[in-house]
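A.B. asks: Below you'll find the structure I mean.
Every read-out reported here was derived from the displayed coordinates using simple, explicitly stated rules and does not represent laboratory data. Since we're looking at a predicted model, the values are computed, not measured. All Cβ positions, glycine included, derive from the backbone under ideal geometry; neighbour counts span all protein chains shown.
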Amino acid sequence: MTADATDRDSAFRFDYDPATIRFGAGCVDDLATELERQGLERALLVCGSTVGSTPAVIEPVRAGLGDRLADVFDETTPKKRLATALEGRERLREVDADAIVSLGGGSSLDVAKAVSTLAASDRATDDVAAAFAETGTITVPDDGLVPILAVPTTLAGADLSTGAGITAAPATLPVDEEVGGGVGDPGLMPAAAFYDPELVATTPDAVLAGSAMNGFDKGIETLYANNATPVTDATARHGLEKLVDGLAAFGDGNRDLDTFETILEGLILVQYGISRPGETTLSIVHAFGHGLTRTDDVQQGAAHAVVVSHVLDYLFEQVGVDARVGMLADALGVGNAADQAAAVVAAVTEVRDTLGLPTRLRDVDGPEPDAFTAVAEAILADSFMTNAPPGLDPTVAEIERVLEAAW
């Protein structure tokens, strides 16, 4: 382990075009106003069936859109299916919408981004499916993307991003196995994101807890990613401070508006600038999340909860790896600790335990030990590993040992 910034290049380029951020209780009342400001007339509301049938969530958004609501497409699922996005494209065209409002968690936003991409192309369904089976992605046209307004109701922090994960089942594809992939382009950054604590407060605690761990880890990863900048350092540090306070209050049972506002402020800050044209600061923990969930039913937030402390232990033990221990310690309020590495791991573990999340891989719907080699290979092949801390050169055996420690 080296001192902070020992192996880091001080030169950087920060190119970022974020969404317009709307924040505060009742901010979804201004959805129609925001559409008007952006020259948009009619929006297709994209969400899951649970959100679509929950009046406390969907009715404020319906009211905020008013006569600019073209229709509701409540077909999204956590699987984020290509078939769903193709159906969404057809609905978008049927109702002649020129905008999309995604409501719910990251799955609905990912599907909305796929709908936007597909709507900008005239490619037939069979052509799209064949290309996805071969490449794992959807080609993003140079123009014609349908603008998206994101209304998150969870805390995973996918709202200020330019990419989306997509899966496709054999029923859609010209192959006999499920294909996982995604789509990414700077044009897929939402045009606006509405952070309404009153809407987030309607989400079940268990869903919020899992998604919060995912969002919290974005701040952790951003600080040690090899493409971190002074801008993302500043926002991630302050965002983590907010999240530590807000999640502690949430874990203690506080469900007041101030608690949700503090958590959402932290979430916005840790997201800010991490998804930039051609790059992201998401790193090894998120690669573990992808590896653990690619063939198993473990929820992403649970996967993060189980592995994050073990991944941090691994990073801090590596000689010559700059994992920004001092900066992490300051952000998590343990900068004065004699052993900062141990204190950081303890602080992150406390957040996880406060949220009541699982602590062992054997307790979630994840892979068994006989699959760890394949999971480790998938983790190392994940694109987020390119953002690992400077000096890290992991092997399959090392990644397996982290999984074994998490087991």
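A.B. asks: Shape verdict for the range 348-407, please, from the Cα gyration tensor: rounded (a/c under 1.5), prolate (a/b greater than b/c) or oblate.
C.D. replies: Taking the square roots of the gyration eigenvalues as a ≥ b ≥ c, the range 348-407 is oblate.
A.B. asks: Another question, then. Hey, can you grab everything whose amide H is under 5 Å from the amide H of residue 70? Only 5+ residues off in sequence or another chain; H modelled, so Pro and N-termini drop out.
C.D. replies: 43, 44, 45
A.B. asks: Report, in degrees rounded to the nearest 10, the 0 to 90 angle that the Cα long axis of helix 106-119 makes with the longest principal axis of the chain.
C.D. replies: With rounding to tens, the tilt is 50 degrees.
A.B. asks: A follow-up question, please. Nearest 10 degrees, 0 to 90: what angle lies between the long axis of helix 55-65 and the longest principal axis of the chain (Cα atoms)?
C.D. replies: Between helix and principal axis, roughly 60 degrees.
A.B. asks: Here is a follow-up. Can you figure out the FRET efficiency of residue 342 with residue 41, using R₀ = 60 Å and their beta-carbon distance, to the nearest 0.05?
C.D. replies: 0.60
A.B. asks: Take the Cα atoms of the range 149-234, build their convex hull, and give its volume per residue in Å³.
C.D. replies: 165
A.B. asks: Could you estimate the translational diffusion coefficient of the range 1-93 from the Stokes-Einstein equation, with Rh from the Kirkwood formula over C-alpha pairs, at 20 °C and 1.002 mPa s, in whole µm²/s?
C.D. replies: Translational diffusion coefficient: 130 µm²/s.
A.B. asks: Here's something else I'd like to know. For residue 218, list the lysines whose Cα falls under 17 Å from its own Cα; do not include residues on the same chain fewer than 8 positions away.
C.D. replies: Leaving aside lysines fewer than 8 places away in the same chain, those within reach of residue 218 are 242.
A.B. asks: Follow-up question, since we're still on this one. For the range 96-209, compute Rh as the Kirkwood radius over C-alpha pairs and then the Stokes-Einstein diffusion coefficient at 20 °C and 1.002 mPa s; write the answer in µm²/s, rounded to an integer.
C.D. replies: The calculation lands on 144 µm²/s.
A.B. asks: Which ³J(HN,Hα) values, rounded to whole Hz and listed in residue order, are derived for the range 17-30 from phi using the Karplus coefficients 6.51, -1.76 and 1.60 in 6.51 cos²θ - 1.76 cosθ + 1.60 with θ = phi - 60°, glycine and proline given as x?
C.D. replies: Along the range 17-30, the couplings run 10, x, 5, 5, 9, 10, 9, x, 4, x, 5, 5, 4, 9 Hz.
A.B. asks: Treating only the Cα positions of the range 221-325 as identical point scatterers, give the base-10 log of I(q)/I(0) from the Debye formula at each q in 0.20 Å⁻¹.
C.D. replies: -1.19
A.B. asks: Here is a further query. Among all the lysines, which ones have a C-alpha under 19 Å from residue 113's C-alpha, if same-chain residues fewer than 8 places away are not counted?
C.D. replies: 79, 80
A.B. asks: Expressed in nm², what is the orientationally averaged projection area of the convex hull enclosing the Cα positions of the range 167-295?
C.D. replies: Taking the Cα atoms of the range 167-295, their convex hull projects to 9.8 nm² on average.
A.B. asks: Given charges of +1 on the Cβ of Lys and Arg and -1 on the Cβ of Asp and Glu, with all other atoms neutral, how large is the dipole of the chain about its Cα centre, in debye to the nearest 20?
C.D. replies: Using Cβ point charges on Lys, Arg, Asp and Glu, the chain gives about 280 debye.
A.B. asks: Could you give P(r) for the range 44-160, binned at 10 Å from zero, as whole percent values over all Cα-Cα pairs?
C.D. replies: It works out to 14, 48, 31, 7, 0, in whole percents.
A.B. asks: Search the structure for amide H atoms under 5 Å from the amide H of residue 76, placed 1.01 Å from N in the peptide plane, and list their residues when 5 or more places away or on another chain.
C.D. replies: For residue 76, whose amide H was placed from the backbone, the distant partners under 5 Å are 47, 48, 49.
A.B. asks: What is the percent of Cα-Cα separations in the chain that go past 41 Å?
C.D. replies: It works out to 11 percent of all Cα pairs.
A.B. asks: Using DSSP, restrict attention to beta bridges with both residues in the chain and report what percent are antiparallel, rounded to the nearest 5.
C.D. replies: Approximately 25 percent, going by the DSSP bridge assignments.
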